[in-house]
Structure formats: C-alpha cells, structure tokens
Amino acid sequence: MYLIVSLVLVSCVLHVHANEVPVEIKNLVAGIREKCHRETGVDIEHVERTVGGYFHESEVLGCYFSCILNSFDLLDHDGHIDFDKLVIRLKGTDSFREHGMEMAAACRGTMGKNPCDSAFKVFQCFQKTNPEKYFVI
C-alpha cells in the first residue's frame, strides 16, 4: 500500500513540475505531433525524454523536429532555420514570448549538415538554453 501511495505522489509531483506546452501554443500545434509522428515513425519516448535533456542520437528524432519546424514554414531545404520568422510567431504567445525570444537569440545560427540535423541541434540548443521552459510537442 505504501508503494502505491508513493508512486501516486511521485506521479503528481512530476506532472506539476513537467514542462507543459503553453495554452496559446497548444492551440497552434493541434495535430502536428500526430502528423510528424506518422511521417517519421519516431519513438515518442525519445521525443519526451528531450524535456529532461536526453537527446537520443538518431536521424529520426531530428527529422521529427524538422517536421515540426516545416509545419510552421521555419526550415528551408538546406537546413537554415528562419529565426526572424520564429520571433514574429512568438509575439502571439504571451506566456512564452520572453523565454522563446531568449532561446531564439541563443540558438540563432545553429546549423547541421542537413535539415534533420539542423533541427536536432536547434532543439538541443533550446533545451540547454532554458531547460525550465523547454517543452516539446
């Protein structure tokens, strides 16, 4: 019985402290997670673990992140991320704007060898820049 009560309490604490997607962003990303999961076949556990800073070295995870960026027209075919467009989109997210601008400024210029690698490196940079506010869809 103690074990069950302890597990429930730990689950509640972890849920309260989890990096949750801000409400304004949830509305913008409806359906994107499922679409990118279907397109890439990524293991969702690998996506979720990035919140804690663990980035499974795989092209599939990078391609998942690339799919997300492509869904917002933020990534070109060479792997360049349009940070100016990202900053403009962040202006509509009241609760996340300041943190998002900080992440964008810190990670501007991050590039990989292809679009999937660039997306992987940028999401890694976002997480390292502000692990308390980093979330993943």
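The values are calculated or read from the model by the stated rules, or taken from the named source; none is laboratory data. Since this is a predicted model, take the numbers as computed values, not measurements. Cβ: placed from backbone, ideal geometry, glycine included. Neighbour counts: every protein chain shown. The area values use the complete protein model at the heavy-atom level, side chains included, leaving out ligands, DNA and RNA. Shrake-Rupley method; radii C 1.70, N 1.55, O 1.52, S 1.80 Å.
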So how many residues does the range 37-79 have that are open to solvent by less than 90 Å² (accessible area, probe 1.4 Å), out of contact with any strand residue (DSSP E or B) (no Cβ under 8 Å at 6 or more places or on another chain) and either farther than 20 Å from G100 by Cα or of a type outside the set (D, E) (or both)? 28
Is there a residue in the range 81-89 that is at pLDDT 85 or above, open to solvent by 70 Å² or more (accessible area, probe 1.4 Å) and in contact with a helix residue (DSSP H, G or I) (Cβ under 8 Å, 6 or more places away or on another chain)? no
Find the residue count for the range 102-134, including only residues that are farther than 19 Å from C63 by Cβ and over 12 Å from the mean Cα position of the chain (by Cα). 8
Out of the residues in the range 15-33 that are modelled with pLDDT of 85 or more and under 18 Å from A119 (Cα atoms), state the one that is surrounded by the fewest Cβ atoms within 10 Å (Cβ to Cβ). I32
By residue number, the members of the range 36-78 that are charged (D, E, K, R) and in a helix (DSSP H, G or I) are R38, E39, E45, E48, R49, E59
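Matching residues to (1) surrounded by fewer than 16 Cβ atoms within 10 Å (Cβ to Cβ); (2) touching a His at 6+ places or on another chain (Cβ under 9 Å):
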residue	(1), (2)
E98	yes, no
A104	no, no
R108	yes, no
M111	yes, yes
A119	no, no
Q124	no, no
Q127	no, no
P131	yes, no
V136	no, no
Residue list for the range 90-117, filter: of a type outside the set (A, V, I, L, M, F, W, C) and in contact with a helix residue (DSSP H, G or I) (Cβ under 6 Å, 6 or more places away or on another chain): T93, R97, G100, R108, T110, G112, P115, D117
